[in-house]
1. Among the candidates VAL352, VAL258, which residue alone is more than 21 Å from LEU45 (Cα to Cα), among the aliphatic types (A, V, I, L, M) and touching a Cys at 6+ places or on another chain (Cβ under 9 Å)?
2. Hey, can you tell me all the residues within segment 142-166 that are over 19 Å from PRO247 (Cβ atoms) and modelled with pLDDT of 90 or more?
3. Within segment 30-43, does at least one residue satisfy the condition of being of a type in the set (A, V, I, L, M) and more than 19 Å from the chain's Cα centre (by Cα)?
4. Quick check on segment 264-272. Is at least one of its residues surrounded by 17 or more Cβ atoms within 10 Å (Cβ to Cβ) and either touching an Asp or Glu at 6+ places or on another chain (Cβ under 6 Å) or small (Gly, Ala, Ser) (or both)?
5. So, of the residues in segment 327-370 that are polar (S, T, N, Q) and in a strand (DSSP E or B), which turns out to be modelled with the highest pLDDT?
6. Of everything in segment 176-198, what is outside any strand (DSSP E or B), in contact with a strand residue (DSSP E or B) (Cβ under 9 Å, 6 or more places away or on another chain) and surrounded by 14 or more Cβ atoms within 10 Å (Cβ to Cβ)? Give them in sequence order.
7. Which condition number in (1) surrounded by fewer than 16 Cβ atoms within 10 Å (Cβ to Cβ); (2) under 20 Å from the mean Cα position of the chain (by Cα); (3) under 17 Å from ASN28 (Cβ atoms) is the one that ARG324 fails?
8. Which ranges mark the strands (runs of 3 or more DSSP E) fully within segment 26-118 that have 2 or more residues being among the aromatic types (Phe, Trp, Tyr) and surrounded by fewer than 24 Cβ atoms within 10 Å (Cβ to Cβ)?
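The values are calculated or read from the model by the stated rules, or taken from the named source; none is laboratory data. Bear in mind that the values here come from a model prediction, so they are computed numbers and not experimental data. Reconstructed Cβ throughout: ideal geometry from the backbone, glycine too, with neighbour counts over all protein chains shown.
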Amino acid sequence: MNDFQLKRLGQIMKPEPGNPHEAEGVLNPAAVRGPDGQLYLFPRLVAAGNFSRIGIARVRFNEVGDPCGVERLGIALEPETDYELIPHGGGGCEDPRITFVEPIQHYVMTYTALSPIGARIAVAISKDLLHWKRLGLATFEPYSCIDFAHVYNKDACVFPVAIPNHAGKMQMAMLHRPLFPGTLPEETVCEGAERLVDLNHESIWISYCPMPDDGDEPQGLGLFNSHHRLATPVAPWEMFKIGGGTPPVLTRHGWLIVYHGVSEISEQNQAGHHLRYSAGVMVLSEEHPRIIRYRSPEPILTPMLREERHGIVPNVVFPTGIDRRDDLGKTDCFDVYYGMADSSIGVARLTVPEDLPGDSTADGLEPKAN
């Protein structure tokens, strides 16, 4: 095997009939092992009016070790603060990613808070995954005339260990995707496939802040004041938007993330532009994650199943959770949890090859490791 292989295992969670919290879908879950070793999902639960909460569910496995269902355990977070609520009843806590951050011995949840100023990255921490403490919104210092503070920002996740920034300081590192005006896929698709990509405003970024002190429970995160443009749209399958996906996990080749890209598709008998969300892989250097070692020239997951092609938002696979499956006795085997058409949740098994494929895609503007 000389390529990344991904096999669908099926739908794992769909809206529960009669549950008002899930009336408009369950999707885009975080996935993380708890202190008890069991796997927990933190799905976005969408009620009427696009009011989103973050639920918690324990994953059930069958006799061969494949995920086969969930046990709902309640709500982890629901909109309560001013940065999660919109006047007249709107708001949301959406699309979480969760990482156990070893230096501070806490689970760190990054999620999208929907507020009067739009989507922003919010942070919460937990010791046990059941009780969460909000740390507020992530804050960003401007960089080279780029204002990260006053634009929509989503799809954030953090590394599980301290990472050296550009100056060599060991800090907390976050992957995030600012959504500057004019960079939504509904906007960029109107410019056509030959458009000129705005490198600074259409990229995934990696940003750093001081790591909270060891021992004490973190009271907040510092200012993210070190930034590096990580990746921008290059391949046709991601031409109209690129964005984060699963939190980084360490493999034999470096830090692996499964990310999303947006392209245009033709729908029979339908005019206008139609978008497709697909997923690919990116491998970052273990020592310096700002360096890309490998990036998918083609997606490893595209909408094919009925549940992926038809739903609240059609033609969407959106990876957000990943679980290392060392318990299966296989090296570099991971289960990837993803949103299906913004309506339900699927899972697929990813196998990492022994050697990185040679057909990597790169920006051509940043150093690429050997």
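1. Details: VAL258 fails: touching a Cys at 6+ places or on another chain (Cβ under 9 Å).
Result of the check over VAL352, VAL258: VAL352.
2. Pass one, segment 142-166, residues over 19 Å from PRO247 (Cβ atoms): 142-152, 166.
Within segment 142-166, PRO142, TYR143, ILE146, ASP147, PHE148, HIS150, VAL151, TYR152 meet the criteria.
3. At the first step, the residues of segment 30-43 found to be of a type in the set (A, V, I, L, M) are 30-32, 39, 41.
Right, trim to more than 19 Å from the chain's Cα centre (by Cα) and you get none.
Scanning segment 30-43, I find no residue that is of a type in the set (A, V, I, L, M) and more than 19 Å from the chain's Cα centre (by Cα), so the answer is no.
4. No.
5. Of all residues in segment 327-370, those polar (S, T, N, Q) come to 331, 343-344, 351, 360-361, 370.
Cutting the leftovers down to in a strand (DSSP E or B) gives us 344, 351.
Details: SER344: 98, THR351: 95.
Only one residue tops the list, namely SER344.
6. Matches in segment 176-198: PHE180, THR183, LEU184, PRO185, THR188, VAL189.
7. Here ARG324 meets the rest and fails (3).
8. In segment 26-118, 51-61 are the strands (runs of 3 or more DSSP E) which contain 2 or more residues that are among the aromatic types (Phe, Trp, Tyr) and surrounded by fewer than 24 Cβ atoms within 10 Å (Cβ to Cβ).
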